[in-house]
Structures are given as structure tokens and as C-alpha cells.
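Contents: one structure, followed by commentary.
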Amino acid sequence: SSSLIIELQNRSNVKKGRLHEVVDSYLGVPYKWGGITRDGMDCSAFARAAFREVYGIELPRTSKQMYQLGNIIHQQKELNEGDLVFFQNTYSGDGISHVGIYLGNGEFAHASSSKGVTITPMSNPYFTKRYAGAKRIARQ
């Protein structure tokens with residue numbers, strides 16, 4: 001129906017700033033391992049919730065599963081707003097163990113074990129050392 005077509009068009013020209021609005025609405029949500037609500041969530045739950053709200057896309061449950069998707073972004077300078085950024089060997093375990101969403105301007109949003117949902121510079125030394133790569137998920 002025409003309302004579906006309009007909805008899909010609206011999603012495809014997601015207005016600049018929609019990602020930032022959604023991220024802002026989650027800032028300060030506490031970190032909770034395995035948590036999936038605004039009462040407490042982990043990094044993958046935050047990435048899933050934000051992607052669902054901004055792009056209408058369902059991501060898999062874990063950062064390792066998310067890392068299997070999408071196209072590799074080879075250089076950090078090629079990152080676009082909405083790309084998933086991955087980190088390895090973090091407090092949550094070995095291998096790919098942390099995910100965030102790139103916001104532009106050298107910053108990413110994520111659920112941090114110490115701060116809850118927060119925005120962090122990509123240049124943060126803890127994350128620079130553990131950066132594992134980025135993926136771009138097709139957003140129709």
C-alpha cells in the first residue's frame with residue numbers, strides 16, 4: 001500500500017540527526033551484562049535497540065554475530081555515521097567482545113561497563129588498542 005511505500009522512503013532518507021536523537025535518548029542508561037531494556041543494557045543490546053529505532057533493522061544478539069554482517073570498512077577515515085565499530089579482548093572477553101555505533105566526528109556511542117550508554121572518542125587509548133574493525137550494514 002502507499003503508506004508502506006511512504007514509510008520505506010522515510011526510512012531511506014532517515015533525516016540527518018535521527019541517529020543522534022536516538023543515541024541521546026539512551027545516554028546514561030546503566031550498563032547491565034545481558035540487559036536489554038532501558039533499566040540496563042549491554043553493548044550489543046544498545047546497538048540492536050538503536051539500529052531498530054533508527055533504521056528498522058534487526059541485528060543479531062551478540063557483537064561476535066554482528067561482526068559477521070555487512071561490508072568491512074578498511075580505514076577509520078572511511079567511517080560513516082551508523083557504521084558499527086568493533087573492539088576485541090575487552091573486559092567482556094576474548095575476540096570480538098564490544099560493539100559501538102560510529103556517530104561521525106571521530107566519536108562512537110556504546111554501552112560502557114563503567115559509564116553505561118555514553119559517547120567516546122575513537123582516539124580513546126583503551127579503545128584504540130582494542131579496535132578490531134568496522135562494518136557497514138546495508139540500510140535500504
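The values are calculated or read from the model by the stated rules, or taken from the named source; none is laboratory data. Keep in mind the model is a prediction, meaning the values are calculated, not measured. Neighbour counts are summed over all protein chains in view; Cβ atoms, including those assigned to glycine, are modelled from backbone coordinates with ideal geometry. Note: areas computed on protein heavy atoms with side chains; ligands, DNA, RNA excluded. Shrake-Rupley method; radii C 1.70, N 1.55, O 1.52, S 1.80 Å.
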When the range 16-36 is checked residue by residue, the ones that are within 21 Å of residue 97 (Cα to Cα), open to solvent by 70 Å² or more (accessible area, probe 1.4 Å) and out of contact with any Gly (no Cβ under 9 Å at 6 or more places or on another chain) are 36
Note on residue 62: of the conditions (1) open to solvent by 50 Å² or more (accessible area, probe 1.4 Å); (2) closer than 15 Å to residue 102 by Cα; (3) without any contact (Cβ under 8 Å) to a residue 60 or more places away in the chain; (4) among the polar types (S, T, N, Q), unmet is (2)
Contact list, first residue from the range 32-55 and under 20 Å from residue 134 (Cβ atoms) and in contact (Cβ under 8 Å) with a residue 60 or more places away in the chain, second anywhere and part of a loop (DSSP other than H, G, I, E, B) and small (Gly, Ala, Ser), beta-carbon distance below 7 Å, six or more apart or interchain, is 42/34; 42/35; 45/35
Just one listed residue, out of 52, 139, is under 14 Å from the mean Cα position of the chain (by Cα), farther than 15 Å from residue 32 by Cα and modelled with pLDDT under 95, and it is 139
### Message
Just checking, does the range 67-76 include any residue being in contact (Cβ under 8 Å) with a residue 24 or more places away in the chain, on the phi < 0 side of the Ramachandran plot and surrounded by 19 or more Cβ atoms within 10 Å (Cβ to Cβ)?
### Response
yes
Quiz item: Is it the case that some residue within the range 72-88 is acidic (Asp, Glu), over 13 Å from the mean Cα position of the chain (by Cα), over 24 Å from residue 24 (Cβ atoms) and modelled with pLDDT of 95 or more?
Solution: yes
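Looking for whichever is surrounded by 18 or more Cβ atoms within 10 Å (Cβ to Cβ), farther than 18 Å from residue 30 by Cα and in contact (Cβ under 8 Å) with a residue 40 or more places away in the chain here; the options are 134, 111. Which one fits? Steps first, please.
On the way: 111 fails: farther than 18 Å from residue 30 by Cα.
Every option except 134 fails the conditions.
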